[in-house]
1. May I ask you to say which residue of GLY50, GLY69, GLY40 is within 12 Å of the ligand (Cβ to nearest atom), of a type outside the set (Phe, Trp, Tyr), modelled with pLDDT of 95 or more and at positive phi?
2. For ALA218, indicate whether it is under 21 Å from SER184 (Cα atoms), touching a residue at least 40 places away in the same chain (Cβ under 8 Å) and within 20 Å of the chain's Cα centre (by Cα).
3. Among the residues of the stretch 211-223, is there at least one that is more than 14 Å from the ligand (Cβ to nearest atom) and of a type outside the set (S, T, N, Q)?
4. Which residues, taken from the stretch 38-61, are free of Cβ contacts under 8 Å to residues at least 60 places away in the same chain and touching a helix residue (DSSP H, G or I) at 6+ places or on another chain (Cβ under 7 Å)?
5. With respect to ASP185, determine if the residue is among the acidic types (Asp, Glu) and either within 16 Å of the ligand (Cβ to nearest atom) or in contact with a strand residue (DSSP E or B) (Cβ under 7 Å, 6 or more places away or on another chain) (or both).
6. Over 16 Å from the mean Cα position of the chain (by Cα), within 16 Å of the ligand (Cβ to nearest atom) and surrounded by fewer than 19 Cβ atoms within 10 Å (Cβ to Cβ) - does that describe any residue in the stretch 102-111?
7. Got at least one residue in the stretch 122-141 being within 14 Å of the ligand (Cβ to nearest atom) and either touching a helix residue (DSSP H, G or I) at 6+ places or on another chain (Cβ under 6 Å) or free of Cβ contacts under 8 Å to residues at least 12 places away in the same chain (or both)?
8. Under 8 Å by Cβ, and 6 or more places apart or on different chains, what pairs join a residue from the stretch 225-250 that is closer than 19 Å to GLY116 by Cβ with one that is part of a helix (DSSP H, G or I) and aromatic (Phe, Trp, Tyr)?
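The values are calculated or read from the model by the stated rules, or taken from the named source; none is laboratory data. Owing to the predicted nature of the structure, the values given are computational and were not obtained by experimental measurement. So basically every Cβ, Gly included, is an ideal-geometry build from the backbone, and we count neighbours across all protein chains shown.
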Amino acid sequence: MTRRSLIVGTGAYLPAKVVTNDDLARQMDTTDEWIQQRTGIRQRHVAAEGELTSHLAAKASEKALAQAGLKAADVDLIVLATTTPDETFPATATRVQAMLGITRGAAFDVQAVCAGFVYALAVADNFIKAGQAETALVIGAETFTRILDWNDRGTAVLFGDGAGAVVLKAAYGDRGVLSTHLHSDGRGHDALYVDGGPSSTGKVGVVKMQGKEVFRHAVSKLAQVIQEALDANGMKSEQIDWLVPHQANRRIIDGMADKFGLSKEKVVVTVDRHANTSAASVPLALDEAVGDGRIRPGQVVVLEAIGGGLAWGAALVRM
Ligand code: ACO
């Protein structure tokens, strides 16, 4: 029997404050119509002053653990994907560990920007498959609005804050994470990066993006990695019950659905309400569709994401 990582709980947390496109249009030269047409985004959640990535992450994790019917003490691994850590160090995962009252196992951050959750899931899955962990919390959490340039309408309208988490538990059978597929290509640096950091400027910096370039890569690389995941499992796209894509842009999401012949009913979309929450977007969408009963045990789900690096990946999961 194959040892796999079964998703036994999901959880999410969104900050209370909602900022609509019209709210942004009062601050900068943009319109609700432009944002909706180009991206599908209607609104985004924005963390309150003093509300940090670790706070969002801990709240999502508590919900995921409650849904799994597990206690924090059961967790022996925390992998947190974030681009917006509370501090340069220590890892935000260790802050979440302390907030949850966990005192054993390992906790660390993974940095793969918007692909972060898929990367974190792959890392935790490999720990579990290797027998080095039994119960893992995998979190994507961001306060991405803190690294935006509010004078750049080309990026400021695209992002939001939030957190999502899943609990993985070692199990033997045909359900669980079937495979993960990660890629990166550092030549894509200039397409999407933050112009600062501890080693370069000593300042945090803000997001810089060549939108058209990112769009072009997203469509081709996501299609490739989804196909790779299907091929690795000897599956055809007809066997996909749900696509849970990174929520960057409605046009990229629709492009993936069309490419694989998936009807709109099989694609989980939250970008309209959450905008792009970077590493949090996939687990937020997954939690929504598990929570409202769309995604059910035994179904085949594809998770995919791409972001700065460039870094991208996909996971095929039997829930
Ligand atoms: N409101 C109004 N006008 C705007 C805005 C705005 N918020 N932003 C840009 N414009 C203007 C530009 O100035 C430009 O005007 P001009 O023609 O007078 O020069 C015009 O709109 C077109 O700008 P483009 O950048 O060419 O617009 P495009 O059609 O490429 O859409 C977008 C931009 C939405 C960013 C698109 O390129 C995109 O979605 N790219 C993918 C990027 C992405 O999703 N990034 C997220 C992070 S990476 C990831 O998660 C995958």
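1. When all the criteria are applied, what remains is GLY40.
2. It is true that ALA218 is under 21 Å from SER184 (Cα atoms), touching a residue at least 40 places away in the same chain (Cβ under 8 Å) and within 20 Å of the chain's Cα centre (by Cα).
3. Looking through the stretch 211-223, none of the residues is more than 14 Å from the ligand (Cβ to nearest atom) and of a type outside the set (S, T, N, Q).
4. ALA58
5. yes
6. No, the stretch 102-111 has no match at all.
7. Yes.
8. ASN249/PHE215
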